[in-house]
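Structure first, then comments.
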Amino acid sequence: MKLILLGPPGAGKGTQSQLISEKCGIPQLSTGDMLRAAVKAGSPVGLKAKAIMAAGGLVPDDVVVGIIAERIAEPDCKKGFILDGFPRTLPQAASLDQLLKSKGLHLDTVIELKVDDTILASRIEKRASETLAAGGTVRADDNADALKTRLMAYYRETSPLTGYYFAHGLLKAVDGMAPIADVTRQIDDVLGLIRAG
Ligand code: ADP
C-alpha cells in the first residue's frame with residue numbers, strides 16, 4: 001500500500017501516519033523528520049535545509065525529491081509506505097509520479113486531513129508546551145513567526161495538490177477536527193482496514 005497524508009502543519013499527519021505504519025507494517029516516510037535528522041547530523045543536506053526550515057520555508061524540490069528517491073529504494077519500502085509531508089509542491093508530486101512509474105509502482109490513496117486554520121496555531125503551541133514539559137527540545141519552527149510562514153507555504157504551494165490528486169481519482173478527505181481515535185477510524189474506513197474490537 002502506497003499512501004500520502006496531506007494536510008496543513010498541525011493537522012495530525014505525523015500522529016496518524018505512525019498509527020497506520022504500526023497497523024500495516026509499512027514505514028512512515030516523513031521528509032520533515034528526515035530533514036531534522038540531517039540538520040542534527042550536520043550533513044550537506046542538513047546545512048542547506050537548516051535556516052530554511054527554522055524560518056518555516058520550503059526546502060528546494062530537488063533536495064527533498066532526492067531524499068525520498070533514496071528512501072523509497074530501501075528494502076523496507078517493498079511492501080509499501082506512507083508519505084508524510086511529501087509531496088508539498090506540484091513539481092514534487094510530478095517527480096513522485098515519475099519516480100513511481102519508473103519502478104512500475106503507483107499510489108493507492110491520498111488522504112487529506114481537513115482542519116480549520118483557526119485551530120492550527122493552538123495545536124502547534126500545545127505540541128511545543130507538551131514537548132517542553134516532557135523535557136524535550138521544541139522544534140526551531142514551532143513559533144508564531146515560522147508558523148505563519150509554514151501556513152503561507154501550505155496554502156500557496158501544497159493546497160493545490162488536493163486538486164491534483166482529486167483529478168487523479170486518488171483523494172479521500174477525512175475530518176481532522178475529530179478526536180485522534182475518530183480520525184483513525186475514518187482513515188481505517190477509507191483504507192478498508194478491519195477494525196479490532
Ligand atoms: P509540519 O507539517 O508540521 O510543518 P514537517 O515536519 O512536515 O512539519 O516539516 C518541517 C519543515 O521541513 C517544513 O516547514 C519545511 O521547511 C521542511 N520540509 C519537510 N518536507 C518538505 C518537502 N516535502 N518540501 C520542502 N520542504 C519540506
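Of note:
- Each of the peptides 80-86, 46-52, 177-183, 3-9 was scored by the mean count of other Cβ atoms within 10 Å over its residues; in descending order, highest first, they stand as 3-9, 80-86, 46-52, 177-183.
- Extension gain, TYR155 to HIS168, is 2.7 nm, computed as 0.36 nm per intervening residue step minus the present C-alpha separation.
- Legend: calculated FRET efficiency, LYS101 to ASN143, from the Cβ-Cβ distance at R0 = 25 Å, rounded to 0.05, equals 0.05.
- Counting all C-alpha pairs of the stretch 1-100, share separated by more than 23 Å (%): 23 percent
- Projected label points at LYS40 and ARG123, each 7 Å from Cα along the beta carbon direction, are separated by 2.3 nanometres.
- Assigned charges on the beta-carbon of Lys, Arg, Asp, Glu; the chain dipole about Cα centre (debye): 260 debye
- Here the stretch 153-196 has an Rg and Dmax of 12.9, 39 Å, counting Cα atoms alone.
- Calculated FRET efficiency for the pair ILE180/ALA133, C-beta based, R₀ 30 Å, to 0.05: 0.95
- Rounded to the nearest 20, the size of the Cβ-charge dipole of the stretch 125-197 about its Cα centre is 80 debye, with Lys and Arg at +1 and Asp and Glu at -1.
- Over the chain, relative contact order from alpha-carbon pairs under 8 Å, at least 6 apart, %: 32 percent
- Globularity index of the stretch 51-96, i.e. its alpha-carbon radius of gyration over 2.2 N^0.38 Å: 1.24
- Accessible surface of the stretch 43-197, 1.4 Å probe: 59 percent of it comes from carbon and sulfur atoms.
- For the chain, the spread of Cα positions along each principal axis, largest first, Å: 39, 38, 30
- FRET efficiency for the GLU74 to GLU22 pair, using the beta carbon distance and R₀ = 30 Å, is estimated at 0.95.
- Mean-square fluctuations from a GNM of the chain, with a 10 angstrom spring cutoff on Cα atoms, peak among PRO75, PRO160, PRO27 at PRO75.
- What the Kirkwood sum gives for the stretch 93-197 is a hydrodynamic radius of 16.4 Å, with every pair of different alpha carbons counted.
- Where the stretch 1-97 is the region considered: accessible area per residue in Å², 1.4 Å probe: 42 Å²
- Residue with peak Gaussian network fluctuation, the chain [Cα springs, cutoff 10 Å], from LYS172, LYS101, LYS148: LYS101
The values are calculated or read from the model by the stated rules, or taken from the named source; none is laboratory data. Since the model is a prediction, treat every value here as computed from it, not as a measurement. Ideal geometry is used to build each Cβ from the backbone, glycine not excepted, and the neighbour counts take in all protein chains shown. Protein only, heavy atoms only, side chains kept; ligands, DNA and RNA dropped before computing areas. Shrake-Rupley method; radii C 1.70, N 1.55, O 1.52, S 1.80 Å.
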